[in-house]
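K.L.:
Sharing a structure below in structure tokens format, with a few things to ask.
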Amino acid sequence: MQRTAYGRTPPLHHPVPQHVSTVPQLRSPPPPASQPQSGYDGSPYPQQPPVGAQAGMHNMFGPYGNFINDPAAQLATQFGQTAFRQGQEYIEQNVNRFVNVSALKHYFIVTNSYVINKLFLVLFPWRHKPWTRRQATGPNGQDAWYLPPRDDVNSPDMYIPVMSFVTYIFLQALISGLKGQFQPELFGYIATIALVAVVVEILGLKLGCYLLSISNESQLLDLVAYSGYKFVGVIVTISVAEIVNGGKGTGGWIGWAVFIYTFLANSLFLMRSLKYVLLPENNNDSRGPMQTMHPLDSRAKRNQRTQFLFFYSYPVQLFFMWLLCRS
């Protein structure tokens, strides 16, 4: 009897893949070619070119990228700078014939605190003291000059008159626009009236100073500055009257009341401020610009100057302020 063999195993069949996929073999990239200027830093990746080289490789301006480095462009730039400098010098030389630019800059040295205090002084001059201008003395004790407006509230400036002049023009144009009467020619009309008023006033002042033998180093610029302060009162009068009267103008008792107040305030301000120009003190001190009157001037001439100052501060200001408010 034969015994069945149980140790025999059936043959094994391994599965065969239907889709053959190849696995890529990972290889390290070759090191970059060695350069004599720089050594190999150990990185297996190629080094990036510098930013300047990339900008040069990708020049978005094309052939115009190096325009600044072009000798012709540099020559044109130098020529333009030279022409501008020569033109500026020519303008300064010709302007200085009529207006001292360095002296004019003195009137624009202002600060925010000065502007606020000066506006308050123009509108409320009743209790202000003192009215004399402050002076600075040089190291030798002989040379003296007036302090700029930034350091002296009694010093005249050009900033407030100029800004008030421009504000007056725009305010009148705005009121005309609110009434439906605005036209582009209105700017020129208003500016002409205001400018003519200032010019006539200054010419009258200069004529009076000439007849009364009044001279001052900075007299013209001082007079121009003081003649422009009236626009502050005119602006206040027009604004308050238009608001209270409902756009009916400066008529009515409220408008006239505000006008009379601003007129009196401006007149007193001019009387006190122009005293050092038209009524200089008689002293033998020859330092500084305050010496505008000879010590031997008679009392009669001083009385004439006082009358001239009063006439300018009250009747003249009354006429011009009324004209500006009604225009």
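K.L.:
Please enumerate the residues belonging to region 133-180 that are within 25 Å of Phe120 (Cβ to Cβ) and of a type in the set (Phe, Trp, Tyr).
P.N.:
Passing the criteria: Tyr146, Tyr159, Phe165, Tyr168, Phe170.
K.L.:
Considering only residues that are more than 28 Å from Ala257 (Cβ to Cβ) and open to solvent by 70 Å² or more (accessible area, probe 1.4 Å), which ones fall in region 200-232?
P.N.:
Answer for region 200-232, where residues must be more than 28 Å from Ala257 (Cβ to Cβ) and open to solvent by 70 Å² or more (accessible area, probe 1.4 Å): Leu203, Lys206, Leu207, Tyr210, Leu211, Ser213, Ser215, Glu217, Leu220.
K.L.:
If you don't mind, another one. What's the number of the condition Ile193 fails, among (1) within 14 Å of Met321 (Cα to Cα); (2) within 29 Å of the chain's Cα centre (by Cα); (3) without any contact (Cβ under 8 Å) to a residue 40 or more places away in the chain?
P.N.:
Of (1) within 14 Å of Met321 (Cα to Cα); (2) within 29 Å of the chain's Cα centre (by Cα); (3) without any contact (Cβ under 8 Å) to a residue 40 or more places away in the chain, only one is false for Ile193: (3).
K.L.:
For a quick check of your reading of the model, give me the residue pairs whose first member lies in region 91-108 and is at negative phi, whose second is among the hydroxyl-bearing types (Ser, Thr, Tyr) and at pLDDT 80 or above, with beta-carbon atoms closer than 9 Å and at least 6 apart or on different chains.
P.N.:
Hits for this filter: His106/Tyr146; His106/Ser155; Tyr107/Ser155; Tyr107/Tyr159; Phe108/Tyr159.
K.L.:
Still on this structure, I have one more. For region 271-298, what are the residues that are more than 27 Å from Asp157 (Cα to Cα) and either modelled with pLDDT of 80 or more or aliphatic (A, V, I, L, M) (or both)?
P.N.:
Residue satisfying the conditions is Leu296 alone.
K.L.:
Also, quick follow-up: Can you work out which of the residues in region 233-246 that are in a helix (DSSP H, G or I) and open to solvent by 10 Å² or more (accessible area, probe 1.4 Å) is nearest to Ser176 (Cα to Cα)? Steps first, answer last, please.
P.N.:
So the first thing to find is which residues in region 233-246 are in a helix (DSSP H, G or I), and the list is 233-244.
Among the residues that remain, those that are also open to solvent by 10 Å² or more (accessible area, probe 1.4 Å) are: 235-236, 239-240, 242-244.
On the way: Ile235: 15, Val236: 17, Ser239: 13, Val240: 16, Glu242: 11, Ile243: 14, Val244: 17 Å.
Taking the candidates together, the pick is Glu242.
K.L.:
Within region 152-190, can you find the residues that are open to solvent by 30 Å² or more (accessible area, probe 1.4 Å), under 27 Å from Val115 (Cα atoms) and assigned to a helix (DSSP H, G or I)? If you could, list the steps in order and put the result at the bottom.
P.N.:
Step one: of region 152-190, the residues open to solvent by 30 Å² or more (accessible area, probe 1.4 Å) are 153, 159, 162-163, 165-167, 170-171, 174, 177-189.
Still in the running and under 27 Å from Val115 (Cα atoms): 153, 159, 162-163, 165-167, 170-171, 174, 187.
Answer for region 152-190, where residues must be open to solvent by 30 Å² or more (accessible area, probe 1.4 Å), under 27 Å from Val115 (Cα atoms) and assigned to a helix (DSSP H, G or I): Tyr159, Val162, Met163, Phe165, Val166, Thr167, Phe170, Leu171, Leu174, Phe187.
K.L.:
Further question: Looking at region 85-141, which of its residues are open to solvent by 50 Å² or more (accessible area, probe 1.4 Å), hydroxyl-bearing (Ser, Thr, Tyr) and either modelled with pLDDT of 90 or more or touching a His at 6+ places or on another chain (Cβ under 8 Å) (or both)?
P.N.:
Ser113, the sole residue that qualifies.
The values are calculated or read from the model by the stated rules, or taken from the named source; none is laboratory data. Bear in mind the structure is a predicted one, so any value in this text is a computation, not a measurement. Neighbour counts run over all protein chains shown; Cβ positions are idealised from the backbone, glycine included. Side chains are part of the model used for accessible areas, which takes the heavy atoms of the whole protein and leaves out ligands, DNA and RNA. Shrake-Rupley method; radii C 1.70, N 1.55, O 1.52, S 1.80 Å.
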